[in-house]
């Protein structure tokens, strides 16, 4: 038996002004996306924005339903819309904001496991790292690749 450690690194910012201008723009797109959130059951509103390799930005927001399994997270809404409307265009970055009452929480909003797995698949399909930006009003985290938030990705592409 041996013990193995995993190390991840990420950037932490205390304000949007400290961030790279492209990341600032993508966060602002996610903030706009949050306005379209439909969350009458949880009250937790999430917005996401995906930056594609060609510069296109696709927004998504969480959409709840009385039958909870029929709901969809903002991240997957944005990624699925990007893939459906811009097939074959790799995703470069994904920004996420969340909070109650259409406000942005002070701490970053982290994606659920299902969203992380979908990010991993699109990163693999794109053939390059997908940057993940989690934004809160008091701090933001920027991860350079999906493996830093999902270290053991299920990757059926490697099984063939």
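Of the residues 66, 33, 78, only one is more than 17 Å from residue 146 (Cβ to Cβ) and in contact with a strand residue (DSSP E or B) (Cβ under 7 Å, 6 or more places away or on another chain); which?
Answer to the check: 33.
Within segment 7-27, track down each residue that is part of a strand (DSSP E or B) and farther than 15 Å from residue 93 by Cβ.
Scanning segment 7-27 gives a single hit, 12.
Could you tell me how many of the residues in segment 97-146 are part of a helix (DSSP H, G or I) and in contact (Cβ under 8 Å) with a residue 60 or more places away in the chain?
1
Give segment 29-51 a look and list any residue that's surrounded by 17 or more Cβ atoms within 10 Å (Cβ to Cβ) and either in a loop (DSSP other than H, G, I, E, B) or over 13 Å from the mean Cα position of the chain (by Cα) (or both), or say none.
Passing the criteria: 37, 39, 45.
Quick one: is residue 66 surrounded by fewer than 16 Cβ atoms within 10 Å (Cβ to Cβ) and in a helix (DSSP H, G or I)?
no
Show the residue pairs that are 6+ apart or on different chains and have beta-carbon atoms under 9 Å apart, the first residue being within segment 85-96 and at negative phi and at pLDDT below 95, the second being crowded, with 24+ Cβ neighbours inside 10 Å and in a helix (DSSP H, G or I).
That search, which allows pairs on different chains as well, returns nothing.
Can you confirm whether segment 82-96 contains a residue that is closer than 23 Å to residue 12 by Cα and in a loop (DSSP other than H, G, I, E, B)?
No, every residue in segment 82-96 fails to be closer than 23 Å to residue 12 by Cα and in a loop (DSSP other than H, G, I, E, B).
Specify which of the listed residues (17, 12) is touching a strand residue (DSSP E or B) at 6+ places or on another chain (Cβ under 6 Å) and surrounded by fewer than 12 Cβ atoms within 10 Å (Cβ to Cβ).
Within the list 17, 12, the selection yields 12.
Return yes when residue 17 is over 17 Å from the mean Cα position of the chain (by Cα), closer than 21 Å to residue 139 by Cβ and at pLDDT 95 or above and no when it is not.
yes
Could you list all residues from segment 77-86 that are farther than 18 Å from residue 28 by Cα and buried (at least 16 other Cβ atoms within 10 Å of the Cβ)?
The answer is 80, 83, 86.
May I ask you to verify whether residue 64 is over 15 Å from the mean Cα position of the chain (by Cα) and within 19 Å of residue 35 (Cβ to Cβ)?
yes
The values are calculated or read from the model by the stated rules, or taken from the named source; none is laboratory data. These numbers come from a predicted model, not from an experiment. Reconstructed Cβ throughout: ideal geometry from the backbone, glycine too, with neighbour counts over all protein chains shown.
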